[in-house]
Amino acid sequence: MSLRRSAMLAAAGGALAAAAILVWKPTVLVYGVQRAGLYAAVAIPMALVLGIVHIVNLAHGELLMVAAYLTYFGATLLGVDPYVALAPTAVVMAALGLAIYNLAIKHTLKAPELNQLILTFGLGIALSQGVNLVFSSQSFKLSLGYVSASATIGDTSFGVYDFAFVAAAFAIGYGLRLFLTRTRFGKAALAVGQNPRGAAIVGIDVNRTYGIVFALAVALVGAVGSMFLTKQAIFPDVGGPYTMKSFCLVAMAGVGNITGIIYCSLVLGVAEAAINGLRGLRGWSDIVFFAIIVATILARSRAESRR
Amino acid sequence: MRRLARFLGPLLLAAAAILLPFAVGAYPLAVARTVLVYMALALSWDILVRSGQISFGIAGFFGLGAYASVLADLHASLSPVLSILAAGAAAALVAAFLGLAILRLRATYFSITTLALAEIFRVVIHNGGDFTGGAEGVVLPKPIFGGDSRQLYWLALGAVLLACLCSLVFQKTRLRLALTAIRNDETAAKSNGIHIFKYLMVAFAASSFIQGIVGGIQVQSLGFATPESVFDPNYTLLPLAMALLGGIYSTPGPVLGAMLLGVAAEFLKLKIPYGHLVVYGIIIVLVILFMPRGLFGLARPDRPSAAKARSLLRKGGGEGSSRA
């Protein structure tokens, strides 16, 4: 009951905030939603890995960056659009994910959780610095005509291209949910996530499931990386903040709540856009996610102590 | 006799370290100073790791200390040496305050929050306007001791000795038992009457204190600070790799790792200006996969106490053997 009430309160508060922002600066809402789409699209694969393999992949943002580089060179060499390169990139990234799982992560699953954290941290460094070694810290950017498409409602005009990320977030989020609840493999993966030992007893190959789920998550990040390239300049450190923001969203939505991430990312995206919209506070938007993490933690621990 | 040998090694090493400036030229001395800075950070990180909490926030508290020192020097006209102490105090205070919230977190949640810390501190300093110097940073009138390389070296060595001392205190007193218990099984530790939050707070504040001091020393030695230079993620990455390679949960481990990797870092930096850090990423991955106890862990046989406990368990039978 109280859960339902707090959910309703949150929804009402959100609607009120949205209305206030709409009156104050409609573009903030638009850009916030667009930002949220990208954040959610990147965060959902991390939630998948955390929910089923029970690993926080600190190389998550770096994998996004690697996929963007792959797409950049694939697309420019072959002279095709990043969206054409999206599927091949996802396949290559899936192979990379499978390799990372089998060569590294698999061997730390039985070790303390902290070993896995340090391992993926080292992996992230190796990826970003490896790219730095090969391509230097120079940034690459594609200039595509369609990303500057805009629309005008009343007397405010805004870019519409970034709604593609919102669509991607919904597609990934609800697609994954369907996959996990409707397909045989998905159900097996959920079972493994809930109880690996029990799943093994009923004949599910836990290790194989982990490997495929990890590869799937990396492939999804790879696809988002291809989209990421259409809009943003890429450089070796571009992925780092996305690891932290993704984790922030996963923690906020609660482990296992994949579609909840979409709504949590709205809070983060709109809050960041709102702070960017205030002239004096522009530089501070990067710490919004930290404030959200701390607030979430405190709220959680209070709720737990009350129980 | 064996006891004497155990003390003799570290003492000889310390004596050699103190006398080093008389033996080598300016460049090796500068390299050695950098190694010492990372060594102190690696030691400080290891103190907290013993409680099972991995901090990725070394650069955060290092940079915080650096800025605390510079600002205390410029705005409160504290003497450089005092400002370094103030840097440690500031870092410890901020750690204690943040610890009220983030030490409720465990494992992953704690680690990622600390990973964000360096970024948060950087943003705060970056947007601090004239008080912090903003994006351009601040320049001190002159480095501490007039930039004399020998004295700078001894200053950094002082930080390492402080860190070693602190690490030994955490190893030889009951703090070690408490932190190890928390690391191994928090519930069991709690039911044995260990005040978990208190011990974590002590470890977190102590390790941040050292990181703050080292930050103060580094910035006073270089004579300038910018948000990008003092919150450089390398100050997290290198100490972490050093402690892991040398062997965590020990004092000699981080020292050994820092000596090996610190010298290697200098060499690599000259050979490969871009991306030489890839080596550290790879080292971290390999150490975790193939020797989680590090080099020192390979060399160190099972602790006699652990072996004794195990044989007791074997003899004891009953519930003891079923658990072992």
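Below 15 angstrom from the Cβ of B:Pro28, what's the summed charge of the other residues (Lys, Arg +1; Asp, Glu -1)? Display every interim value, and only then the final one.
Numbers: positive: B:Arg33, B:Arg150, B:Lys269; negative: B:Glu266.
For residues surrounding B:Pro28, the net value is +2.
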Legend entry - chain B - mean residue ellipticity at 222 nm from DSSP helices (-39,500 (n - 2.57) per run, n ≥ 4, rounded to 500): -25500 deg cm²/dmol
Legend entry - Length-normalised contact order for region A:19-142 - Cα pairs under 8 Å, 6+ apart - percent: 30 percent
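List the relative contact order of chain B as a percent without decimals, with contacts defined as Cα pairs under 8 Å and 6+ residues apart.
Details: 478 pairs, mean separation 94.7, N = 324.
Here the relative contact order equals 29 percent.
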Legend entry - In sequence order, calculated HN-Hα J values of region B:206-218 (Karplus, 6.51, -1.76, 1.60; Hz; x Gly/Pro): 5, 5, 5, 4, 4, 4, x, 4, 4, x, x, 5, 4
Inset, instruction - Could you pull out every one of the aspartates and glutamates with an alpha carbon less than 14 Å from that of B:Lys198, ignoring same-chain neighbours closer than 8 positions? - result: B:Glu186
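Based on the Cα gyration tensor of region B:200-244, what are the three equivalent ellipsoid semi-axes, each the root of five times an eigenvalue, rounded to whole Å and given largest first? Provide the component values of the computation, followed by the final result.
On the way: eigenvalues 82, 43, 16 Å².
Ellipsoid half-lengths, sorted descending, are 20, 15, 9 Å.
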Inset, instruction - May I ask you to evaluate 6.51 cos²θ - 1.76 cosθ + 1.60, the Karplus curve with θ = phi - 60°, for each residue of region A:224-230 and list the ³J(HN,Hα) values in order in whole Hz, giving x for glycine and proline? - result: 5, x, 4, 5, 4, 5, 4
Legend entry - Net charge dipole size for region A:33-306 [Lys, Arg +1 and Asp, Glu -1 on Cβ; Debye, nearest 20]: 660 debye
Inset, instruction - Using amide H atoms built 1.01 Å from N in the peptide plane, name the residues 5+ places from B:Phe224, or on other chains, whose amide H lies under 5 Å from its own. - result: B:Leu140
Inset, instruction - Return the aspartates and glutamates within reach of A:Lys187: Cα separation strictly under 16 angstrom, same-chain partners fewer than 8 residues apart disregarded; answer none if there are no such residues. - result: A:Asp205
Legend entry - Between 0 and 90°, nearest 10: helix B:278-290 axis offset from chain B longest Cα axis: 10 degrees
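Name the shape class, rounded, prolate or oblate, that the alpha-carbon gyration tensor gives for region A:113-180, where a ≥ b ≥ c are the square roots of its eigenvalues, rounded holds for a/c under 1.5, and otherwise prolate holds if a/b is larger than b/c and oblate otherwise. Let's see the in-between values first.
Numbers: a/c = 3.31, a/b = 1.47, b/c = 2.26.
Since a/c reaches 1.5 but b/c is at least a/b, the shape of region A:113-180 is classed as oblate.
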Inset, instruction - Enumerate the calculated ³J(HN,Hα) couplings along region A:84-89 in order (Karplus 6.51 cos²θ - 1.76 cosθ + 1.60, θ = phi - 60°), each rounded to whole Hz, writing x wherever the residue is Gly or Pro. - result: 6, 7, 4, 5, x, 4
Inset, instruction - Sequence neighbours fewer than 8 away in the same chain don't count; with that in mind, list the lysines whose C-alpha is under 22 Å from B:Lys142. - result: none
Legend entry - Distribution of pairwise C-alpha distances over chain A, 10 Å bins, in %: 6, 25, 34, 24, 9, 1, 0
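Taking each pair of distinct Cα atoms in the protein assembly as shown once, what is the resulting Kirkwood hydrodynamic radius in Å? Display every interim value, and only then the final one.
Working: mean 1/r = 0.0383 Å⁻¹.
Value: 26.1 Å, from the Cα pair sum.
I'd like the trypsin sites (Lys or Arg not before Pro) in region A:109-177 restricted to DSSP loop residues with at most 10 other Cβ atoms within 10 Å, sorted by number. Mind showing how you got there, number by number?
Working: sites: A:Lys110, A:Lys141, A:Arg177; in loops: A:Lys110, A:Lys141.
Counting only loop positions with at most 10 other Cβ atoms within 10 Å, the trypsin sites (Lys or Arg not before Pro) in region A:109-177 are A:Lys110.
From the C-alpha gyration tensor of chain B, pull out the three semi-axes of the equivalent ellipsoid (sqrt of 5λ each), sorted largest to smallest, in whole Å. It would help to have the intermediate numbers written out before the result.
Details: eigenvalues 236, 115, 66 Å².
Listed largest to smallest, the semi-axes of chain B are 34, 24, 18 Å.
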Legend entry - Contact order normalised by residue count of chain A, Cα under 8 Å, 6+ apart, percent: 36 percent
Inset, instruction - Return the Rg/Rh value of region A:3-132, two decimal places, where both radii are evaluated on C-alpha atoms and Rh is the Kirkwood radius. - result: 1.10
Inset, instruction - Measure nothing but the geometry: give the 0 to 90° angle between the long axis through the Cα atoms of B:80-102 and the longest principal axis through the Cα atoms of chain B, rounded to 10°. - result: 50 degrees
Legend entry - Dimensions (Å) - region B:1-111, Cα atoms, principal axes, largest first: 46, 42, 24
Inset, instruction - Based on alpha-carbon positions alone, could you give the equivalent ellipsoid semi-axes of region A:218-293 from the gyration tensor, as √(5λ), descending, whole Å? - result: 21, 19, 11
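Only the coordinates and a few stated rules stand behind these numbers; no lab work does. Remember, predicted model here, so these are calculated numbers, not experimental data. Cβ sites come from the backbone with ideal geometry, for glycine too, and all protein chains shown count toward neighbours.
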